[in-house]
Amino acid sequence: MKPTELDQFKASLRGELIQPQDPGYDGARSVNNGMIDRRPRLIARCSDVADIISAVKFAREKNMLLAVRGGGHNGAGLGVCDGGLVIDLSGRRGIRVNPKQRTVEVESGCTLGDLDHATHAFGLAVPGGIIGTTGVSGLTLGGGHGYLTRKFGLTIDNLLEADMVLADGSFVTANADENEDLYWAIRGGGGNFGVITSFTFKAHPVSTVYAGPMLWPIEKAREIMEWYREFSKEAPEELYGFFAMLTVPPGPPFPEPLHGKNVCGVVWCYCGPIGEAERTFKPIRQIGPPVVDFVGPMPYPTLQSLFDPLYPPGLQWYWKGDFVNELSDEAINLHLKYGPEPPTPLSMMHLYPIDGAPNRVGKNETAFSFREARWSMVIAGIDPDPKNKDRITNWAKKYWEALHPYSAGGAYVNFMMDEGQGRVEATYRDNYKRLSAIKGKYDPTNLFRVNQNITPAG
Ligand SMILES: Cc1cc2nc3c(=O)[nH]c(=O)nc-3n(C[C@H](O)[C@H](O)[C@H](O)COP(=O)(O)OP(=O)(O)OC[C@H]3O[C@@H](n4cnc5c(N)ncnc54)[C@H](O)[C@@H]3O)c2cc1C
């Protein structure tokens with residue numbers, strides 16, 4: 001690349017162009033997962049759509065590897081690359097709520113915390129994930145599940161429209177009437193089709209929820225898991241509870257005798273009429289006294305950011321996931337073998353419900369295929385110390401390998417590491433062929449390939 005070409009590219013941007021010799025380079029290339037250590041040639045902090053168009057064209061013309069970074073939370077580190085150019089959207093944090101229409105337009109560098117903050121002021125919420133620092137972009141493009149999912153669907157089920165820049169540098173809108181094929185593909189198909197510049201979501205009247213964690217001693221894990229399996233079949237869709245095995249954090253508000261103890265638990269969120277909440281929780285509170293019951297009324301954004309301090313950026317993460325249709329006795333036995341012995345205090349396993357509203361969308365209606373699944377499971381080895389990298393990785397792999405035969409056969413793309421093409425295809429099942437054809441139409445040279453990649457057909 002000639003210096004003049006680089007100067008011209010730099011001059012075409014309103015945002016910063018960061019290079020390895022610049023003081024902000026190390027901060028700009030680091031992502032949430034501390035295990036990822038990649039060194040891009042250029043990082044373009046795009047401040048507007050014009051910057052994004054310019055960066056896409058530059059990468060294409062110079063044949064550079066291109067990564068797109070939303071919130072930088074991807075476990076496999078797919079928001080950054082070695083060599084090549086990163087389109088960094090983190091400066092694009094504008095949000096416009098339309099309270100009359102109950103819609104919200106979100107620029108693609110926003111985090112879930114930004115989105116919750118903006119909508120809560122209007123008594124509204126968009127279904128998202130459970131940690132506020134996660135990027136809206138990557139989460140949405142993979143599907144997006146969280147506390148409001150059983151009632152209001154996946155994040156993509158609330159996506160009305162997206163503006164995007166395609167591989168040829170053109171700007172398009174994708175919705176139910178315009179570029180319907182793209183609109184279908186981006187609802188679960190990841191960042192394969194272009195750079196999303198903004199999303200428009202449907203929002204719902206959610207303000208105060210009745211929510212929080214309930215924990216039991218690990219010795220009760222079998223009883224609680226069996227009860228949870230049956231209870232959640234009949235639970236109203238307003239009630240969401242993800243099952244977890246975890247270690248109690250060593251600090252307030254947890255009672256001191258519990259610090260560092262392995263426990264099992266359910267983190268609840270009831271988003272129905274608040275007057276009904278106590279009644280809904282009555283049968284839950286009859287199953288035996290929890291050692292922690294922090295469930296009560298709280299503003300939705302408080303719940304959404306409850307666990308943020310536990311998971312600051314820079315921790316080592318290795319995780320694996322699978323969709324789960326059934327929690328058989330054999331699967332519970334295996335959870336009880338591995339779950340109670342995490343290699344480090346932050347390591348955990350979660351079973352996130354995706355039944356209810358997501359199950360009512362057909363498996364071919366959006367790219368997200370596993371519409372019949374009841375849970376999205378994640379097993380995560382996590383620790384601040386890079387020395388424990390192998391230990392957390394081995395535990396997560398072993399635990400996952402034992403459970404995988406009892407899974408539905410594919411995994412949530414947002415819980416995948418670099419696991420090979422077979423896993424990507426298993427996740428999209430018969431939607432893969434159509435995704436591949438759409439990829440071939442809009443990105444035939446696979447410019448957008450730093451993702452869970454869909455091979456372009458043709
Ligand atoms: C602590 C933590 C908690 C999580 N909790 C949940 C949860 O509750 N629910 C859930 O569904 N998921 C959850 N996830 C998973 C999360 O959805 C993924 O990690 C997701 O990839 C994060 O998106 P991001 O924008 O932050 O990631 P990035 O690393 O920035 O990007 C991820 C992928 O999306 C692509 N991409 C990003 N922005 C764009 C864009 N604007 N246009 C095109 N492509 C783009 C990137 O190229 C990359 O391939 C969690 C992750 C973490 C680390």
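The values are calculated or read from the model by the stated rules, or taken from the named source; none is laboratory data. Please read all numbers here as calculations on a predicted model, not as lab measurements. Virtual Cβ from ideal backbone geometry, glycine too; neighbours counted across all protein chains shown. Quick note on the areas: whole protein, heavy atoms, side chains included, nothing else; ligands and nucleic acids left out. Shrake-Rupley method; radii C 1.70, N 1.55, O 1.52, S 1.80 Å.
Overview of values
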| read-out | value |
| --- | --- |
| DSSP bridge orientation in region 1-101 - percent antiparallel, rounded to nearest 5 | 20 |
| Accessible-area ranking of Phe193, Phe231, largest first, probe 1.4 Å | Phe231, Phe193 |
| Residues with amide H under 5 Å from that of Trp216, placed H, sequence gap 5 or more | Cys264, Gly265, Val291 |
| Sites Glu278 and Asp48 - FRET efficiency at Förster radius 60 Å, r taken between beta-carbons, to 0.05 | 0.75 |
| Protein-only accessible surface order, largest first, of Val97, Val126 at 1.4 Å | Val97, Val126 |
| Lys/Arg +1, Asp/Glu -1 at C-beta; the chain dipole; positive extreme among Pro40, Phe254, Asn158 | Pro40 |
| Label zone at Lys337, where the point sits 7 Å out along the Cα-to-Cβ direction: region 389-406 residues whose backbone N lies under 13 Å | 398-406 |
| Top positive-direction residue, dipole computed over region 138-240 with Cβ charges, set His204, Ala167, Trp184 | His204 |
| Cα gyration tensor category, rounded, prolate or oblate, for region 360-416 with a/c compared to 1.5 | prolate |
| Under 25 Å from the Cα of Lys441 - lysines, other chains or at least 8 residues apart | Lys57, Lys62, Lys363, Lys433 |
| Beta bridges by DSSP in the chain, antiparallel share as percent, to the nearest 5 | 90 |
| Dipole of region 306-458 [Lys/Arg +1, Asp/Glu -1 at C-beta], most positive-end residue of Gly321, Phe307, Ile392 | Gly321 |
| Alpha carbon centroid spacing (whole Å) that separates region 184-200 from region 220-255 | 33 |
| Tensor-based shape of region 186-337 (alpha-carbon gyration tensor, a/c under 1.5 rounded, otherwise prolate or oblate) | rounded |
| ³J(HN,Hα), Karplus 6.51/-1.76/1.60, whole Hz, each residue of region 279-295, x for Gly, Pro | 5, 4, 7, 4, x, 5, 6, 8, 7, x, x, x, 7, 9, 9, 9, 7 |
| Extension gain (nm, one decimal) between Asn175 and Thr455, 0.36 nm per residue minus Cα-Cα | 98.5 nm |
| 17 Å tail of the calculated P(r), region 317-376, as % of Cα pairs | 51 |
| Surface share of carbon and sulfur [accessible, 1.4 angstrom probe, percent] for the chain | 52 |
| Inter-site label distance for Trp227 and Val361 at 7 Å from Cα along Cβ, in nm | 3.3 |
| Alpha-carbon centroids, region 275-350 and region 408-434: separation in whole Å | 25 |
| Per-residue HN-Hα couplings for region 347-356 [Karplus 6.51, -1.76, 1.60; θ = phi - 60°; Hz; x = Gly/Pro] | 5, 7, 10, 10, 10, 9, x, 10, 8, x |
| Other-chain or far-sequence residues with amide H under 5 Å of Ala125's (modelled H) | His204, Val206 |
| Cα-centred dipole magnitude for region 54-208, charges only on beta-carbon of K, R (+1) and D, E (-1), debye, nearest 20 | 380 |
| Contact order relative to length of region 1-145, as percent, for alpha carbon pairs under 8 angstrom and 6 or more apart | 19 |
| Nearest-10 value in Å² for the accessible area of Val68, using the 1.4 Å probe | 50 |
| Candidate aspartates and glutamates for bridging to Lys387, where Cα separation is under 20 Å - those fewer than 8 sequence places away on the same chain excluded | Asp37, Glu341 |
| Evaluated at q = 0.05, 0.06, 0.07, 0.10 Å⁻¹: base-10 log I(q)/I(0), Debye formula over Cα of the chain | -0.17, -0.25, -0.34, -0.70 |
| Karplus (6.51, -1.76, 1.60) ³J(HN,Hα), θ = phi - 60°, over region 187-194, in Hz, Gly and Pro reported as x | 8, x, x, x, x, 6, 10, x |
| Dipole magnitude of the chain, debye to nearest 20 (Cβ charges: Lys/Arg +1, Asp/Glu -1, about Cα centre) | 380 |
| C-alpha long axis of helix 432-442 to longest principal axis of the chain, angle in ° | 30 |
| Rounded tilt (10° steps) of 49-61 against the dominant C-alpha axis of the chain | 70 |
| Heavy atoms of Lys220: accessible area, 1.4 Å probe, square angstrom to 10 | 50 |
| Nearest-ten-degree value, helix 389-403 long axis tilted from longest Cα axis of the chain | 70 |
| Per-residue [θ]222 nm for the chain (sum of -39500 (n - 2.57) over DSSP H runs n ≥ 4, rounded to 500) | -8000 deg cm²/dmol |
| FRET efficiency, 1/(1 + (r/R0)^6) with R0 60 Å, evaluated for Glu5 and Phe307 via beta carbons | 0.85 |
| Cα-centred dipole magnitude for region 1-132, charges only on beta-carbon of K, R (+1) and D, E (-1), debye, nearest 20 | 240 |
| Amide proton proximity set for Ala67, modelled H, under 5 Å, gap of 5+ | Leu85, Val86, Ile87 |
| Relative contact order (%) - criterion: Cα under 8 Å, at least six apart; region: the chain | 16 |
| Per-residue SASA entry for Arg391, accessible area with 1.4 Å probe, Å² rounded to 10 | 120 |
